[in-house]
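Novice: Structure incoming, see below.
Derivation of every value follows stated rules applied to the coordinates shown; laboratory data play no part. Fair warning: this is a prediction, and the values are worked out from it, not measured in the lab. In this analysis, Cβ positions are derived from the backbone assuming ideal geometry, glycine residues included, and neighbour counts consider all displayed protein chains.
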Amino acid sequence: MKAKIRKIDLLTEIDEKIPAEFNTDPRRLTQILMNLVGNAMKFTFKGYVKIKVEFLTIHEYPAIKFLVQDTGYGIKKEN
């Protein structure tokens with residue numbers, strides 16, 4: 001709703017290699033993603049917020065990487 005109200009795009013890019021089932025704590029993962037996306041939305045007034053999900057293998061174990069990218073003003077390099 002916040003993206004629609006602010007007229008910014010909420011984009012997703014999900015790796016097709018991610019299995020249909022993955023062992024995780026869905027409650028905690030939802031909490032983390034809601035915080036990351038919420039912060040991105042808070043500081044983005046035009047453009048987009050993008051959630052990218054990648055499938056990785058780390059030391060022979062499957063993993064999923066979440067990236068949140070936005071066009072908000074961000075943090076200055078000196079900070």
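Novice: I need the full set of residues from the stretch 56-71 which are surrounded by fewer than 12 Cβ atoms within 10 Å (Cβ to Cβ) and among the acidic types (Asp, Glu), in order please.
Specialist: Correct list: Glu60 only.
Novice: Give just the number: which of (1) outside any helix (DSSP H, G or I); (2) within 16 Å of Arg6 (Cβ to Cβ) does Lys65 not satisfy?
Specialist: (2)
Novice: Could you list all residues from the stretch 33-55 that are over 18 Å from Lys7 (Cβ atoms), exposed (fewer than 12 other Cβ atoms within 10 Å of the Cβ) and of a type outside the set (S, T, N, Q)?
Specialist: Listed by number, the list holds a single entry, Met34.
Novice: May I ask you to list the residues in the stretch 1-49 that are among the β-branched types (Val, Ile, Thr) and within 20 Å of Ile75 (Cβ to Cβ)?
Specialist: Matches in the stretch 1-49: Ile8, Ile32, Val37, Thr44, Val49.
Novice: Could you grab me the full set of residues in the stretch 7-32 that are surrounded by 13 or more Cβ atoms within 10 Å (Cβ to Cβ) and assigned to a helix (DSSP H, G or I)?
Specialist: The answer is Leu29, and nothing else.
Novice: Six or more apart or on different chains, Cβ atoms under 6 Å: show the pairs whose first residue is in the stretch 39-58 and more than 12 Å from Leu10 (Cβ to Cβ) and whose second is surrounded by 12 or more Cβ atoms within 10 Å (Cβ to Cβ) and hydrophobic (A, V, I, L, M, F, W, C).
Specialist: Listed pairs, sorted by first residue: Val53/Ile14; Val53/Phe66; Phe55/Ile18.
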